[in-house]
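Please treat every number below as a calculation from the coordinates, not as lab data. All figures in this text were calculated on a predicted structure; none of them were measured in a lab. Every residue, glycine as well, gets a Cβ built from its backbone with ideal geometry; the counts of neighbours run over all protein chains shown.
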Amino acid sequence: MQTGSEGAANGRRSFLGKITLGAFAAAFLGQGWTYLRALVPNIKYEPPKKFKVGSPVEFAEGINFIESKGLFIIREGSQYSSISAKCTHLGCTVKYAPLQHAQTVKVGGREITEKYEFHCPCHGSKFRQNGMPYSGPAPSSLPWHKLEIAPEDGQLVVDISTSVDSDFRITI
Ligand code: FES
């Protein structure tokens, strides 16, 4: 037969036993989660930096905007080039801004004749035809991308990991 104080002691023991069991279970689950998480590699999946954008003949003469890739493909006859549409200020997409009349401007010590520019709608940065900023907060030029032809199917390949000079052209 249990006395009142023995019953209270048993109750305390049972309560403490449950707390201990709960703490063990929590620790076990925490360890288990850490172990399972370690089996999954910590990889950040980014879109590829080199991709096909289509057959050269699919591009119209002049400026072609590829929204899904955030870049322009420029076709001048048989010559192709590509410039980023991502503003170098905070990354908004710049807009192609044709000029009413071609104008000659001095850029970086040399004269270029431009027929269009790129304007950023977010904070008003303006870029020359060669991508150099001349107004607004953009700190640097829009990068030009390397272009190649895929040997297997003749598609135009843009390599956004490789910046090239604004004079870079691929002739097809
Ligand atoms: S993001 Fe283009 S000017 Fe700010």
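What to note about this one:
- Hits among aspartates and glutamates - C-alpha to C-alpha of Lys95 under 20 Å, sequence gap 8 or more where chains match: Glu61, Glu67, Glu76, Glu114, Glu117
- Per-peptide average of other Cβ atoms within 10 Å, ordering 32-44, 70-82, 148-160, 11-23 highest first: 70-82, 148-160, 11-23, 32-44
- Dimensions (Å) - the chain, Cα atoms, principal axes, largest first: 107, 43, 25
- A Förster radius of 35 Å, combined with the Cβ-Cβ distance separating Lys106 from Glu67, puts the computed FRET efficiency at roughly 0.60.
- Per-residue [θ]222 nm for the chain (sum of -39500 (n - 2.57) over DSSP H runs n ≥ 4, rounded to 500): -7500 deg cm²/dmol
- A crude spin-label estimate for the pair Phe51 and Cys122, with each label 7 Å from Cα along the Cβ direction, gives 1.9 nm.
- Straight-line cross-link partners of Lys50 among the lysines, defined as a Cα under 19 Å from its Cα and at least 8 positions apart when in the same chain: Lys69, Lys86, Lys146.
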